[in-house]
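Here the structure comes first, spelled out in structure tokens, and everything after it is commentary.
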Amino acid sequence: MADTQEPNPAVAHIRFDNPDNLDEDPLFHTLAEHLDAVGDLAAQYADVFGNADWARLAGRWHDLGKYNPDFQRYIHAVTLPAERREAMQAHVEDDAKLRRVDHATVGALHAIRHVETMGPGYAGSARLLAWLIACHHTGLVDWFGEKSLRDRLQSDKKRALYDDVLSHIPLERRSAGSFPVSRPPGGGAVSSELSASLWVRMLFSCLVDADFLDTERFQRPDAANVRGAYPPLEALLASLDTYMERLAAQAKPSAVNRIRADVLQACIQNAGLPPGLFSLTVPTGGGKTLASMAFALRHALASGQRRIIYVIPYTSIIEQTAAVFKEAFGEANLIEHHSNFEPDQETAQSRTACENWDAPIIVTTTVQFFESLFAARTSRLRKLHNIARSVVVLDEAQLLPLEFLKPVLETLRELTHAYGVSIVFSTATQPAFRQDDLQQAGIDARELKGFDAIRELAPDPPALYRQLKRVRVELPPDFATPRAWDELAEELAQHRQALCVVSRRRDCRELFRLMPPDSVPLSALMCGEHRSEVIARIRQALADNAPIRVISTQLVEAGVDLDFPVVYRAMAGLDSIAQAAGRCNREGRQDGMGRVIVFNAPSEPIEGLLRKARQAAVAALQQPVDEDPLGLAMFPHYFRHWFAQVNDFDSKQIVYDLRRPDLTFAFRRAARNFKIIDDTKTASVLVPYGRGAELIETLKQLGPSRQRLRAAQRYGVTIYKHQLNALLHQQDVQEIHPGIFALHEALYDGDLGLLMSEEAYMAKPEHYMT
């Protein structure tokens, strides 16, 4: 047996503060210190949902395999400066072999062997611990299939390795002490089909975050010291109240501002309600953003919750919302976690907080939030435990992905039931998430289970819709006869200021080419920097009462703060029409009602959910339940029609992969399939707009780095893979590094954005010259 009082104890990590100084002694992070610290820290995290004992044991056993003498030789060898490594070469006969030392499986097998001695009733406990320990470096894998956890744990080679290492593990480290007895959160009651798999991921998150942080504390103490230096929620609430008082003092008396004040007051009064599910149903322009944050902060303080996570569907509007919150709280007191965040805005504190969401206010995207909840990679799962006991505001909740709606709703149900999370569905167009709405749509609970109780925060939503009615909707005479683009362009040109929203990028370009010179296109074929500059130009023109006509895809609908006297909208889903209407007479400044003119475009929306949404809107409008097409009563009616057309609310069978009560989950397959944006079908191309040309050249010369790639994200445009392949074939796009593509300068237009090759000749005036 190994002597537990060895003069040279096993180490987990080795650090040299100055590796170039050959006389410097190394600093050792002993394995015993690391195991105890990770166990204690993981237990602290899991205590939030009542499972400190499971996390502590996983932490104490996660690196038992590092007692392997081969691993100890390896870590000493690879961390020594090269000059010193030669002196150890006699002890490192095969460095490549040592690099393959598997320490994680040893801890997992030890958990299984230990639990087996407790009897057959503990098989589930053994499997739970095996998931946590075996995968803490690789990420969660699948139980069955290629490179599965089952095969790894049943491997004769791995079992022999464990038998060899066991004698080197100190006796006191082998014991579990008091074996975990806590039940899964929520009292052990199963509220969701995904209860067990979410529990594993939550405990896994506690373990891997604790492992990262304790390693960081030793290896990079400077980074560790900047973590957690945030004001308490009480101080943030005081900042918000001061900001709101200043806004109220500056606001001109108006009916709209009085209604916004009423909405805010109702949210404040409801903040003391018990945690759970809430809706905030307020028409566009009714002040949902600040009112929902005021509720979230007060509710968190009243309920003992720890942070606010504000989830926004599109990166195109997240910066706008984050800017409002920064003005209220100060830039250093919240974290933006999304792809468009500039590296020169990053601090060491914000960068570390994005790794595990330990800040009090997180502003992120729907993609980042939900793909993290279904992730398998260690780096993405770190943050998961910090979602427990938080308030999550889902902005524009109607945009949750329908093809993944079943796993999304099941997970939200479990978060509220078992992890002390409050969810706020904030939108002007509440989707049909209540069970009775789904039943009326003919949807069986086995297909999609809704919520029994969602508490409304807004004061009398029907009255709000009547009071905030600022537009008159003009529907087409029928829903079958299309309007020609040239006819529509001629009509739009008669308006001094107008917005026209279409459903397809190609439609945006075709209509824009027919418009007079003082017109502006807006689409996702512009890079983020280009779009931001165009939106700023539009706002300035509106403020100056200058002529401006905007032709946009639907990206303008989700929260972009614009106010036109007239808005045209191609026939689409009723929620999309309502969002477009929110850009019309937004502040109620028109003498009468703003005009929202719905028309039939010459082209159909893209096949799939967008086309089904249009069909559902037509069905709802042909059997109206409210004289106003955008009246509150229309939306449950519309969503029932739309949901009834959806073939599958779990198109990738995520629930099937994650609902296994025997813990035989397919974590990696579920993570691979849960892609709100299917990156297997799309690719990002860097474009030479503004600083984009300089950044592309820097990437060519110096290669990719985290900072360079983050900076370049503002100059990327997402296109389909088949379009990318065509551009590569035509040499209009260059792969400057593996997976990093840059567009030829001639293919980016200052008005339209990225052009396909055939469009370049249509857009550039010089190509018309002979």
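The values are calculated or read from the model by the stated rules, or taken from the named source; none is laboratory data. Owing to the predicted nature of the structure, the values given are computational and were not obtained by experimental measurement. Neighbour counts run over all protein chains shown; Cβ positions are idealised from the backbone, glycine included. What goes into the accessible areas is simple: the full protein's heavy atoms, side chains included, and nothing from ligands, DNA or RNA. Shrake-Rupley method; radii C 1.70, N 1.55, O 1.52, S 1.80 Å.
Pick from Glu172, Glu245, Glu234, Glu193: which is open to solvent by 50 Å² or more (accessible area, probe 1.4 Å), closer than 19 Å to Val38 by Cα and among the acidic types (Asp, Glu)? Please lay out each step first, then the result.
Values: Glu245 fails: closer than 19 Å to Val38 by Cα; Glu234 fails: closer than 19 Å to Val38 by Cα; Glu193 fails: closer than 19 Å to Val38 by Cα.
Unique residue meeting the criteria: Glu172.
Which condition number in (1) open to solvent by less than 20 Å² (accessible area, probe 1.4 Å); (2) out of contact with any Phe, Trp or Tyr (no Cβ under 6 Å at 6 or more places or on another chain) is the one that Arg539 fails?
Only one criterion in (1) open to solvent by less than 20 Å² (accessible area, probe 1.4 Å); (2) out of contact with any Phe, Trp or Tyr (no Cβ under 6 Å at 6 or more places or on another chain) is unmet by Arg539, namely (1).
With the condition kept exactly as written, say whether any residue in region 130-148 is among the charged types (D, E, K, R), in contact with a helix residue (DSSP H, G or I) (Cβ under 7 Å, 6 or more places away or on another chain) and modelled with pLDDT under 90. Show your work before the answer.
Step one: list which residues in region 130-148 are among the charged types (D, E, K, R), which gives 142, 146-147.
The next check asks that each one be in contact with a helix residue (DSSP H, G or I) (Cβ under 7 Å, 6 or more places away or on another chain); those that pass are 142.
From the residues that got through so far, the ones that are modelled with pLDDT under 90 too are none.
The answer is no, given that none of the residues of region 130-148 is among the charged types (D, E, K, R), in contact with a helix residue (DSSP H, G or I) (Cβ under 7 Å, 6 or more places away or on another chain) and modelled with pLDDT under 90.
Is it the case that region 288-307 has a residue that's outside any strand (DSSP E or B) and modelled with pLDDT under 85? I'd like the intermediate steps shown before the answer.
First pass over region 288-307, keeping only residues outside any strand (DSSP E or B): 288-306.
Add one more test, that the residue is modelled with pLDDT under 85, and what stays is none.
Looking through region 288-307, none of the residues is outside any strand (DSSP E or B) and modelled with pLDDT under 85.
Could you list all residues from region 175-190 that are without any contact (Cβ under 8 Å) to a residue 40 or more places away in the chain and open to solvent by less than 30 Å² (accessible area, probe 1.4 Å)?
Gly188
With a cut-off of at least 1 residues that are more than 29 Å from the chain's Cα centre (by Cα) and under 21 Å from Met756 (Cβ atoms), name the helices (runs of 4 or more DSSP H) lying wholly within region 502-599.
On the way: elements: 505-512, 528-543, 574-581.
Qualifying helices (runs of 4 or more DSSP H): 505-512.
Any idea which residue in region 482-500 is surrounded by the fewest Cβ atoms within 10 Å (Cβ to Cβ), counting only those that are in contact with a strand residue (DSSP E or B) (Cβ under 6 Å, 6 or more places away or on another chain) and assigned to a loop (DSSP other than H, G, I, E, B)? Please lay out each step first, then the result.
So in region 482-500, the residues in contact with a strand residue (DSSP E or B) (Cβ under 6 Å, 6 or more places away or on another chain) come out as 483, 492, 495, 497-500.
Filter once more, keeping what is assigned to a loop (DSSP other than H, G, I, E, B): 483, 495.
Working: Arg483: 15, His495: 17.
Per the criteria, the residue is Arg483.
Quickly run through region 196-217 and pick out the residues that are surrounded by fewer than 20 Cβ atoms within 10 Å (Cβ to Cβ) and either under 20 Å from the mean Cα position of the chain (by Cα) or hydrophobic (A, V, I, L, M, F, W, C) (or both). Even if it seems obvious, please write down each step before you answer.
Restricting attention to region 196-217, the residues satisfying the condition of being surrounded by fewer than 20 Cβ atoms within 10 Å (Cβ to Cβ) are 212, 215-217.
The answer is Phe212, and nothing else.
Would you check which residues across region 593-621 are touching a residue at least 40 places away in the same chain (Cβ under 8 Å) and open to solvent by 50 Å² or more (accessible area, probe 1.4 Å) and list them?
Residues of region 593-621 touching a residue at least 40 places away in the same chain (Cβ under 8 Å): 593-603, 605-606, 609-610, 613-614, 616-618, 620-621.
Met593, Arg595, Pro602, Ile606, Leu609, Leu610 - these are the residues of region 593-621 that are touching a residue at least 40 places away in the same chain (Cβ under 8 Å) and open to solvent by 50 Å² or more (accessible area, probe 1.4 Å).
What number goes with the only condition from (1) free of Cβ contacts under 8 Å to residues at least 60 places away in the same chain; (2) not in a helix (DSSP H, G or I) that Lys66 does not pass?
In the conditions (1) free of Cβ contacts under 8 Å to residues at least 60 places away in the same chain; (2) not in a helix (DSSP H, G or I), Lys66 misses (2) alone.
Scan region 639-653 residue by residue and report those that are open to solvent by less than 90 Å² (accessible area, probe 1.4 Å) and either among the basic types (Lys, Arg) or assigned to a helix (DSSP H, G or I) (or both). Spell out how you get there, then give the answer.
Narrowing region 639-653 to residues open to solvent by less than 90 Å² (accessible area, probe 1.4 Å): 639-646, 648-651.
The answer is Phe639, Arg640, His641, Trp642, Phe643, Ala644, Gln645.
For region 17-30, which residues satisfy the criterion of being among the aliphatic types (A, V, I, L, M) and either at pLDDT below 85 or farther than 14 Å from Gln219 by Cα (or both)? Outline the logic, then answer.
Within region 17-30, the first condition is being among the aliphatic types (A, V, I, L, M), and the residues that meet it are 22, 27.
The answer is Leu22, and nothing else.
Which one of these is of a type in the set (Phe, Trp, Tyr) and either more than 25 Å from the chain's Cα centre (by Cα) or under 28 Å from Glu604 (Cβ atoms) (or both): Phe451, Phe425, Phe479?
Numbers: Phe451 fails: either more than 25 Å from the chain's Cα centre (by Cα) or under 28 Å from Glu604 (Cβ atoms) (or both); Phe425 fails: either more than 25 Å from the chain's Cα centre (by Cα) or under 28 Å from Glu604 (Cβ atoms) (or both).
After applying the criteria, what remains is Phe479.
Quick one: how many residues across region 106-142 are open to solvent by 20 Å² or more (accessible area, probe 1.4 Å) and outside any helix (DSSP H, G or I)?
Result for region 106-142: 6.
Six or more apart or on different chains, Cβ atoms under 6 Å: show the pairs whose first residue is in region 140-156 and more than 18 Å from Trp199 (Cα to Cα) and whose second is among the acidic types (Asp, Glu) and surrounded by 14 or more Cβ atoms within 10 Å (Cβ to Cβ).
Ser148/Asp142
Residues Ser532, Ser503: which one is over 20 Å from Arg586 (Cβ atoms), polar (S, T, N, Q) and surrounded by 15 or more Cβ atoms within 10 Å (Cβ to Cβ)?
Ser503
Is there a residue being open to solvent by 50 Å² or more (accessible area, probe 1.4 Å) and among the acidic types (Asp, Glu) anywhere in region 419-437? Steps first, please.
Narrowing region 419-437 to residues open to solvent by 50 Å² or more (accessible area, probe 1.4 Å): 434, 436.
Applying the additional criterion that residues be among the acidic types (Asp, Glu) yields 436.
Scanning region 419-437, I find at least one residue that is open to solvent by 50 Å² or more (accessible area, probe 1.4 Å) and among the acidic types (Asp, Glu), so the answer is yes.
Search region 490-510 for residues that are on the phi < 0 side of the Ramachandran plot and pair each with any residue that is open to solvent by 10 Å² or more (accessible area, probe 1.4 Å) and in a helix (DSSP H, G or I) when their beta-carbon atoms are under 7 Å apart and the residues are at least 6 apart or on different chains.
These pairs meet every condition: Gln497/Leu542; Val501/Gln554; Ser503/Gln554; Ser503/Leu610; Glu510/Trp485.
Going by the structure shown, is Leu400 surrounded by fewer than 23 Cβ atoms within 10 Å (Cβ to Cβ) and over 22 Å from Leu132 (Cβ atoms)?
On the way: surrounded by fewer than 23 Cβ atoms within 10 Å (Cβ to Cβ): yes; over 22 Å from Leu132 (Cβ atoms): yes.
Yes: the conditions hold for Leu400.
If Pro274 satisfies all but one of (1) at pLDDT below 90; (2) open to solvent by 10 Å² or more (accessible area, probe 1.4 Å); (3) assigned to a loop (DSSP other than H, G, I, E, B), what's the number of the condition it fails?
For Pro274, the exception is condition (1).
Out of (1) closer than 30 Å to Arg446 by Cβ; (2) open to solvent by 30 Å² or more (accessible area, probe 1.4 Å); (3) touching a strand residue (DSSP E or B) at 6+ places or on another chain (Cβ under 6 Å), what's the single condition that is false for Ala666?
(2)
Among the residues of region 299-324, write down those that are within 24 Å of Gln269 (Cα to Cα), open to solvent by 40 Å² or more (accessible area, probe 1.4 Å) and either touching a helix residue (DSSP H, G or I) at 6+ places or on another chain (Cβ under 6 Å) or among the aliphatic types (A, V, I, L, M) (or both).
Those that are within 24 Å of Gln269 (Cα to Cα), open to solvent by 40 Å² or more (accessible area, probe 1.4 Å) and either touching a helix residue (DSSP H, G or I) at 6+ places or on another chain (Cβ under 6 Å) or among the aliphatic types (A, V, I, L, M) (or both): Leu301, Ala302, Val324.
Restricting attention to region 516-529, which residues are in contact (Cβ under 8 Å) with a residue 12 or more places away in the chain, open to solvent by 20 Å² or more (accessible area, probe 1.4 Å) and closer than 15 Å to Ala493 by Cβ? Break it down stepwise before answering.
Filtering region 516-529 down to residues in contact (Cβ under 8 Å) with a residue 12 or more places away in the chain leaves 516, 518-529.
Of the ones still in play, those that are also open to solvent by 20 Å² or more (accessible area, probe 1.4 Å) are 516, 518, 524, 529.
Hits for region 516-529 are Pro516, Asp518.
Which residues, taken from region 706-740, are open to solvent by less than 30 Å² (accessible area, probe 1.4 Å) and in contact (Cβ under 8 Å) with a residue 40 or more places away in the chain?
At the first step, the residues of region 706-740 found to be open to solvent by less than 30 Å² (accessible area, probe 1.4 Å) are 711-712, 714-717, 719, 724, 727, 732-733, 736, 740.
Once the filter is applied, which keeps residues that are open to solvent by less than 30 Å² (accessible area, probe 1.4 Å) and in contact (Cβ under 8 Å) with a residue 40 or more places away in the chain, region 706-740 yields Ala711, Arg714, Tyr715, Gly716, Val717, Ile719, Leu724, Leu727, Val733, Ile736, Ile740.
For region 583-596, does any single residue satisfy the condition of being among the small types (Gly, Ala, Ser) and at pLDDT 85 or above?
To start, the set of residues in region 583-596 that are among the small types (Gly, Ala, Ser) comprises 588, 592, 594.
Filter again for at pLDDT 85 or above, leaving 594.
Yes, region 583-596 contains at least one residue that is among the small types (Gly, Ala, Ser) and at pLDDT 85 or above.
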